[in-house]
Amino acid sequence: MKRRLIIGITGASGAIYGIRALQILRSLGDIETHLILTPAGLRTIAEETEIKPEEVRALAHCVYDHRDIGAAISSGSFQTMGMLVAPCSVRTLSGIAHSYDSELVVRAADVCLKERRRVVLLFREAPLHAGHIALMDQATRNGAIIVPPVPAFYTQPKTIEDIVDQTVGRALDLFGIDTNVVKRWRQER
């Protein structure tokens, strides 16, 4: 099977996580990336970075319109390693938790879950109320893995990039992808 990974960038704060995942995967060279950018994700990229949308799109091998629920990645017959949603908004988490496939990010995640493929959600929200916790519980029961982008300070990060790389690298670990950016516990620094 060709190594393919779907990346969703939604409207929560932390668009750099999805962008950095695309950059790292592009540098590895052996994983085909399939990108879905939501309108809110594009807005967040504009607010939080100096990266142009066309630069983000150019990092992916394939880019899909968020409304195209007939795209290749909306079918279980299109084989992938799974899907990383980075960052994952509350709206997207809710859609995934309830299989509400009205747009492609949620549809692609739902397909991955039904096919028993990995779905990793970098849920970016704080503080949490009971509804958020219930959504995380339901998404986890559906098979998703919730990975809040919480910094790992045992790595003694020096820059924001160090923190982002560690989080993205650990998320990609869940797909069996060794990025060479993760500082492992008790590993030489």
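Across the range 63-80, a minimum of one residue is classified as of a type in the set (D, E), loosely packed, with under 13 Cβ neighbours inside 10 Å and in contact with a helix residue (DSSP H, G or I) (Cβ under 9 Å, 6 or more places away or on another chain).
If you go through the range 15-47 and keep only what is touching a residue at least 60 places away in the same chain (Cβ under 8 Å) and farther than 15 Å from V105 by Cβ, you end up with I16, R20, I24, L25, L28, I31. Just need a number here: residues in the range 154-188 that are on the phi < 0 side of the Ramachandran plot, loosely packed, with under 12 Cβ neighbours inside 10 Å and modelled with pLDDT of 95 or more. Counting residues in the range 154-188 that are on the phi < 0 side of the Ramachandran plot, loosely packed, with under 12 Cβ neighbours inside 10 Å and modelled with pLDDT of 95 or more gives 3. Against the list (1) surrounded by fewer than 20 Cβ atoms within 10 Å (Cβ to Cβ); (2) within 18 Å of the chain's Cα centre (by Cα), the condition A109 fails is (1). Consider the range 52-64 and keep the residues that are touching a strand residue (DSSP E or B) at 6+ places or on another chain (Cβ under 8 Å) and of a type outside the set (S, T, Y). The one that is farthest from E32 (Cα to Cα) is P53.
Within the range 27-44, identify whether any single residue is surrounded by 14 or more Cβ atoms within 10 Å (Cβ to Cβ), more than 13 Å from the chain's Cα centre (by Cα), among the aliphatic types (A, V, I, L, M) and closer than 24 Å to V150 by Cβ, and answer yes or no. For the range 27-44, residues surrounded by 14 or more Cβ atoms within 10 Å (Cβ to Cβ), more than 13 Å from the chain's Cα centre (by Cα), among the aliphatic types (A, V, I, L, M) and closer than 24 Å to V150 by Cβ: present. Applying the criterion of being of a type in the set (A, V, I, L, M) and free of Cβ contacts under 8 Å to residues at least 40 places away in the same chain to the residues of the range 161-189, the residue that is nearest to I6 (Cα to Cα) is V182. Screening the range 25-47 for residues that are among the aliphatic types (A, V, I, L, M) and in a helix (DSSP H, G or I) and picking the one that is farthest from T10 (Cα to Cα) gives L28. Scanning the range 103-145 for residues that are without any contact (Cβ under 8 Å) to a residue 40 or more places away in the chain and within 22 Å of T33 (Cα to Cα) yields a count of 13.
The values are calculated or read from the model by the stated rules, or taken from the named source; none is laboratory data. Fair warning: this is a prediction, and the values are worked out from it, not measured in the lab. Note that each Cβ is placed from the backbone with ideal geometry, even for glycine, and that neighbours are counted across all protein chains shown.
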